[in-house]
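First comes the structure, then the notes that go with it.
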Amino acid sequence: MESGRLIEDVPRQGADNMAIDEMLLRRSSMSASPTLRFYFWDRPTVSLGYFQSLNAREDHAPSLTLPLVRRATGGGAIVHHQELTYSLIIPITDRLKNQHRDYYFAVHRGVIATLAKLGIEAELAEGTQARQDDPFLCFERRADGDVLIQGHKVLGSAQRRHASALLQHGSLLLQKSIFAPSLRGIQDLSRSAIETETLIFELCNGIQASIKNAWNSKPLVQTELEEATEIRRLKFGHEAWTGKR
């Protein structure tokens, strides 16, 4: 089994989180192995999908007071509160192979296996397609491969291709948030209290088994953080990026 890097990160501001994912994606050409990162947000934050209009956030009153960042991936907006965010960066050696969908479903199946180990039954959404009138929030949308519990979406992911790598990141909804009161999380639906450390540990094992990669813990280093800070300055923390649509 191949070995990859595991980063269990500290809570950070939205623009910093997006910049770190971008930095890891850009650096992926320097490594032949994948990187799996789990992270939180230092305050409740809305991340807007790449193609969403900035004005669309006016449609969701409960989250209007929250800071905003725009992702480099598509999909609906996510309220990052009472959830766990992950990113997976995979070097792609053959651009002609349709590997992105393989990894998308593999990670989600790994999450389902993890939840089953914790006594929680979940399933993949099937036969669903995006609509022109999709709701503002990601978790009110449905697409093939979403992870559902009792029909409620608890995991959605999005991807971005780079020259030689793939970034996939997503959000696992843990509990209902006051900033997204229409959504229910894993603990609401299962009535199971899950320690975050336990969940991350089991997710590492579940994703490892699903994509056939073991994980070695290696925190971010100063040179990486400096590069991410510059990406934040030029991109994710810049008004031109946030308001580009």
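The values are calculated or read from the model by the stated rules, or taken from the named source; none is laboratory data. Just so it is clear, the model here is predicted, and its values are computed rather than measured. When we count neighbours, we look across all protein chains shown, and the Cβ atoms used for this are built from the backbone with ideal geometry, even at glycine.
Of note:
- Residue count, the stretch 10-48 (criterion: aliphatic (A, V, I, L, M) and in a loop (DSSP other than H, G, I, E, B)): 2
- A residue that is within 17 Å of G243 (Cα to Cα) and either touching a helix residue (DSSP H, G or I) at 6+ places or on another chain (Cβ under 6 Å) or among the small types (G, A, S) (or both) occurs somewhere in the stretch 38-46.
- The set of residues in the stretch 15-68 being of a type in the set (G, A, S) and crowded, with 17+ Cβ neighbours inside 10 Å consists of A15, A19, S28, S47, G49, S63.
- S3 being part of a strand (DSSP E or B), in contact with a strand residue (DSSP E or B) (Cβ under 9 Å, 6 or more places away or on another chain), more than 30 Å from A193 (Cβ to Cβ) and not aliphatic (A, V, I, L, M): yes
- Members of the stretch 221-241 that are surrounded by fewer than 17 Cβ atoms within 10 Å (Cβ to Cβ) and not in a helix (DSSP H, G or I): V221, H238
- Positions within the stretch 61-95 being over 18 Å from the mean Cα position of the chain (by Cα) and at pLDDT below 95, in sequence order: I92, T93, D94, R95
- Residues considered: S157, S217, S177. Of these, the only one that is in contact with a Phe, Trp or Tyr (Cβ under 8 Å, 6 or more places away or on another chain), at pLDDT 95 or above and within 20 Å of L84 (Cα to Cα) is S157.
- Checking each residue of the stretch 188-203 against the condition of being in contact with a helix residue (DSSP H, G or I) (Cβ under 6 Å, 6 or more places away or on another chain) and β-branched (V, I, T) gives no match.
- Residues (of a type in the set (A, V, I, L, M, F, W, C) and either over 20 Å from F136 (Cβ atoms) or in contact with a Pro (Cβ under 8 Å, 6 or more places away or on another chain) (or both)) located in the stretch 32-52: A32, L36, F38, F40, W41, V46
- Residue match in the stretch 135-148 (condition: over 21 Å from F40 (Cβ atoms), over 18 Å from the mean Cα position of the chain (by Cα) and not in a strand (DSSP E or B)): yes
- Of the residues making up the stretch 183-218, those that are buried (at least 16 other Cβ atoms within 10 Å of the Cβ) and either of a type in the set (F, W, Y) or assigned to a loop (DSSP other than H, G, I, E, B) (or both) number 5.
- Selection count where residues are surrounded by fewer than 19 Cβ atoms within 10 Å (Cβ to Cβ) and under 17 Å from the mean Cα position of the chain (by Cα), scope the stretch 163-182: 2
- Residue in the stretch 128-162 that is nearest to A56 (Cα to Cα), counting only those that are buried (at least 16 other Cβ atoms within 10 Å of the Cβ) and among the β-branched types (V, I, T): V154
- Members of the stretch 28-60 found to be touching an Asp or Glu at 6+ places or on another chain (Cβ under 7 Å) and modelled with pLDDT under 95, listed by number: S33
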